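In what follows, a structure is listed as structure tokens, so that the remarks can point back to it.
The values are calculated or read from the model by the stated rules, or taken from the named source; none is laboratory data. Being a predicted model, the structure only gives us computed values, none of them experimental. Note that each Cβ is placed from the backbone with ideal geometry, even for glycine, and that neighbours are counted across all protein chains shown. Only protein heavy atoms, including side chains, enter the accessible area calculation; ligands, DNA and RNA are left aside. Shrake-Rupley method; radii C 1.70, N 1.55, O 1.52, S 1.80 Å.
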Amino acid sequence: MFQHILIPTDGSDLSNLAVKSGVQFAKETHARITGLTVTRPFNYFGMETMHMSDSIEKYNSDCDTQAQRNLSTLKEEADKAGVVCELVHRSNEHPYEEIVKTVQDKHCDVIFLASHGRRGVGALILGSETQKVLTHTKIPVLVYR
């Protein structure tokens, strides 16, 4: 079956539920995990609150802190389940690109990720990272919703 599972996480409640299920799936299939979190780079013209008040150094430090928090949840679950887990933090304006790139770099054979289930105008405006992953990857994707 699957030997190497990529589990992207953004630290949201739904993502953390997917992490727990993904780790359990890895345990049951005797697979190893690469956990990934992607933060967006500093943008001088960004609309996010952190962009308006932070220096580049402070923003990057805050992103590193958030990434470690996101990945620590995955690491704790993997350790409890006895599943081998590698953690990766990358920065990109488009998280789906890093998901697809990490799959290639780490030779993963399946992606296990959460979907927030945005539909209609919300999906058009905000975009769906899950949909973009499904469109751009060549390996199976298990969507937790």
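Our coupling estimate for region 136-144, obtained by passing each phi through the Karplus curve with A = 6.51, B = -1.76, C = 1.60 and θ = phi - 60°, is 9, 9, 10, 10, x, 10, 9, 9, 9 Hz, Gly and Pro reported as x.
Taking amide hydrogens as placed 1.01 Å from N in the peptide plane, the amide H of VAL84 sits under 5 Å from those of ILE33, each at least 5 positions away in sequence or on another chain.
Applying the Karplus relation 6.51 cos²θ - 1.76 cosθ + 1.60 with θ = phi - 60° to region 65-78 yields 3J(HN,Hα) values of 4, 5, 4, 4, 5, 4, 6, 5, 4, 5, 4, 4, 5, 5 Hz, where x marks Gly and Pro.
Residue-wise HN-Hα couplings along region 16-21, as the Karplus relation 6.51 cos²θ - 1.76 cosθ + 1.60 with θ = phi - 60° gives them from phi, are 5, 5, 5, 4, 4, 5 Hz; Gly and Pro carry x.
Would you mind telling me the share, in percent, of accessible area of region 64-111 contributed by carbon and sulfur at probe 1.4 angstrom? Carbon and sulfur atoms account for 46 percent of the accessible area of region 64-111.
Given their separation in residues at 0.36 nm each and the Cα-Cα distance between them, ARG145 and HIS116 gain 9.8 nm when the chain is fully extended.
The amide H of HIS4, built 1.01 Å from its N in the peptide plane, has ARG32, ASP109, VAL110 as neighbours under 5 Å, considering only residues 5 or more places off or on other chains.
Extending 7 Å from the Cα toward the beta-carbon at both ASP109 and ASN60 defines two label points whose distance is 3.8 nm. Once the Cα-Cα distance is subtracted from the 0.36 nm per residue extended length, the LYS20 to ARG40 segment shows a gain of 4.8 nm.
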